[in-house]
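Input: a single structure, listed below in structure tokens.
The values are calculated or read from the model by the stated rules, or taken from the named source; none is laboratory data. Being a predicted model, the structure only gives us computed values, none of them experimental. No Cβ is skipped: glycine too gets one built from the backbone with ideal geometry, and neighbour counts run over all protein chains shown. For the accessible areas, the whole protein counts, side chains as well, though only heavy atoms, and no ligand, DNA or RNA atoms are used. Shrake-Rupley method; radii C 1.70, N 1.55, O 1.52, S 1.80 Å.
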Amino acid sequence: MLRKSLLALATAALFTGCSSSSDAVPFDVANFTGSYSGTWTNTTFSSTGAASVTITDSGGDPMVAVDLDGNVFGGADPASESFTGMANLNDATLASTTSPVYGDVVSTLNGNGTITITGTNIPGGVDTFTLVGTIVNGQIQANVTITFDAGGSAAAVATLNIT
């Protein structure tokens, strides 16, 4: 359970949500590149761990490496994973990427730093996760909601700073 929360957090740090055309900011991966480190906390089950996200420029597209430590999603410490987005004028998206830990992941990172990440078909007892957050002024902040196959939900938060 916690593991899925963390994935959402880490991936959330990678990609962001939608904005209207009136407040759209042109997307530039350089505004987000760097190594971020911090912690995640499952506020429902009181578990926590280290989190790191590294965003690099891959020909104008963001490449994101996520590493969550600890009892993530109620399981063992997952291996680091990398994701590559596709940038356009206003955002970068990650569509229909399947992760062995996070399931089917879709995400968006807007030029203004807003991140939205969702996961479905997640292995284990987690049904879905949704991560909503920002990457602003060298800091990633994310809120994650996790729903379980058996019903119920959990919440997690993460804060990472550029190092």
Fill in the blank from the handout: Of (1) surrounded by 16 or more Cβ atoms within 10 Å (Cβ to Cβ); (2) out of contact with any Leu (no Cβ under 8 Å at 6 or more places or on another chain); (3) in a loop (DSSP other than H, G, I, E, B), Gly124 satisfies every one except (1)
Practice task
Within region 54-79, track down each residue that is of a type in the set (S, T, N, Q) and either more than 17 Å from the chain's Cα centre (by Cα) or under 15 Å from Val126 (Cβ atoms) (or both).
Solution key: Ser58, Asn71
Problem - Residue match in region 45-54 (condition: open to solvent by 30 Å² or more (accessible area, probe 1.4 Å), on the phi < 0 side of the Ramachandran plot and β-branched (Val, Ile, Thr)) - result: yes
Exercise for the section: Taking Phe83 as the residue in question, decide whether it is closer than 24 Å to Gly38 by Cα and aromatic (Phe, Trp, Tyr). Expected result: yes
Exercise for the section: With the checklist (1) touching a residue at least 60 places away in the same chain (Cβ under 8 Å); (2) under 23 Å from Thr145 (Cα atoms) in hand, flag the one item Ala87 doesn't pass. Expected result: (2)
Handout entry: Any pair with Cβ under 9 angstrom, 6 or more apart, that starts in region 93-119 at a residue that is in a strand (DSSP E or B) and ends at one that is among the basic types (Lys, Arg)
Key = Gly103/Lys4; Gly119/Lys4
Exercise for the section: May I ask you to verify whether Phe32 is under 24 Å from Thr108 (Cβ atoms), modelled with pLDDT of 95 or more and not basic (Lys, Arg)? Expected result: yes
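Does region 142-153 hold any residues that are closer than 27 Å to Asn31 by Cβ, of a type outside the set (Val, Ile, Thr) and surrounded by fewer than 20 Cβ atoms within 10 Å (Cβ to Cβ), and which are they?
Asn143
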Practice task
Quick one: which residue in Phe83, Phe73 is within 19 Å of Asn31 (Cβ to Cβ) and crowded, with 19+ Cβ neighbours inside 10 Å?
Solution key: Phe83
